[in-house]
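The values are calculated or read from the model by the stated rules, or taken from the named source; none is laboratory data. Computed from a predicted structure; not experimentally measured. Using ideal geometry, Cβ is built from the backbone for each residue, glycine included, and neighbour counts are taken over all protein chains shown.
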Amino acid sequence: MIRRRVLDLCCGAGGAGRGYAEAGYEVTGVDIRPQPNYPYRFVLADAIGHLADLIATGGIERYDLVHASWPCQTFARVTAWRGSRDSHPDLLTPGRELLERCGRPWVMENVPEAPIRPDYLLCGSMFGLNIRRHRAFETSWGGGGELLPPCWHHPRILPFAHKGERAYADAMGCTWMTNTEGRQAIPPVYTQWIGHRAIDHTTAVSTP
Ligand SMILES: C[S@@+](CC[C@H](N)C(=O)[O-])C[C@H]1O[C@@H](n2cnc3c(N)ncnc32)[C@H](O)[C@@H]1O
């Protein structure tokens, strides 16, 4: 069996990482803060510096896919509303430059209002989850026109829970996290789906 490896940058407590594991990847996470609930191999480091080192040393070749969840506070509407957007550094711009140089298939995920190309725009309702949580994914292969069910934006969606509540983390499928960690996470089904698209893409480019 082919063992694929993913580097999960800015991994948090592992919402994205869990999805890749479900898609069959061996997962290594990197975060600048300790993540005691992260379920996979973990490296405590600045993701920008770590990725730059892996590119410089050739260590990046170990990975079949590089994923990055650059912090979204600098772009999120809710941060602008709270008036603290400028206090969060933009890692997305230097991060994209490194990803474009890394020579491996890559994925960046962020809030839809971030300056990323939405090769895929995913929502919990597309996967039968009772949550409305949009995330844009920019990929090195540029998307592929896959058919996805439309969002189901019924106003009664998740009437019982708000972000930060236990029920919200559970509804995303992040049952092993604290509520606070769940607030930052993405539902694992998103990266499970993206992980399969990455496999389809790499299989397509390596098949003569
Ligand atoms: C949106 S959260 C990631 C959520 C995660 N992808 C998930 O699905 O559970 C962003 C993470 O970036 C981390 N972070 C912020 N700056 C960082 C840096 N310079 N290097 C590595 N991680 C960083 C934060 O500690 C936080 O855990």
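Quick notes on this structure:
- Residue selected from the stretch 50-96 under the condition at pLDDT below 95 and of a type in the set (D, E, K, R), by the criterion surrounded by the most Cβ atoms within 10 Å (Cβ to Cβ): Arg85
- Residue list for the stretch 37-52, restricted to those being outside any strand (DSSP E or B) and either over 15 Å from Ala185 (Cα atoms) or among the acidic types (Asp, Glu) (or both): Tyr40, Ala45, Asp46, Ala47, Ile48, Gly49, His50, Leu51, Ala52
- Flag if Leu99 is more than 12 Å from the ligand (Cβ to nearest atom) and either at positive phi or modelled with pLDDT of 95 or more (or both): yes
- Taking the listed residues Gly195, Gly142, Gly128, the one that is more than 16 Å from the ligand (Cβ to nearest atom), among the small types (Gly, Ala, Ser), at pLDDT 85 or above and closer than 20 Å to Glu100 by Cα is Gly142, with no other qualifying.
- Within the stretch 1-60, restricting attention to residues that are of a type in the set (A, V, I, L, M), within 8 Å of the ligand (Cβ to nearest atom) and free of Cβ contacts under 8 Å to residues at least 40 places away in the same chain, the residue that is farthest from Arg133 (Cα to Cα) is Ala45.
- Checking each residue in the stretch 113-133 for being part of a loop (DSSP other than H, G, I, E, B), crowded, with 16+ Cβ neighbours inside 10 Å and not aliphatic (A, V, I, L, M) picks out Asp119, Cys123, Asn130, Arg133.
- The residues of the stretch 14-36 that are among the aliphatic types (A, V, I, L, M), assigned to a loop (DSSP other than H, G, I, E, B) and more than 20 Å from Phe127 (Cβ to Cβ) amount to a single one, Ile32.
- Annotation for the stretch 178-187: no member residue is at pLDDT below 90 and either within 16 Å of the ligand (Cβ to nearest atom) or of a type in the set (Val, Ile, Thr) (or both).
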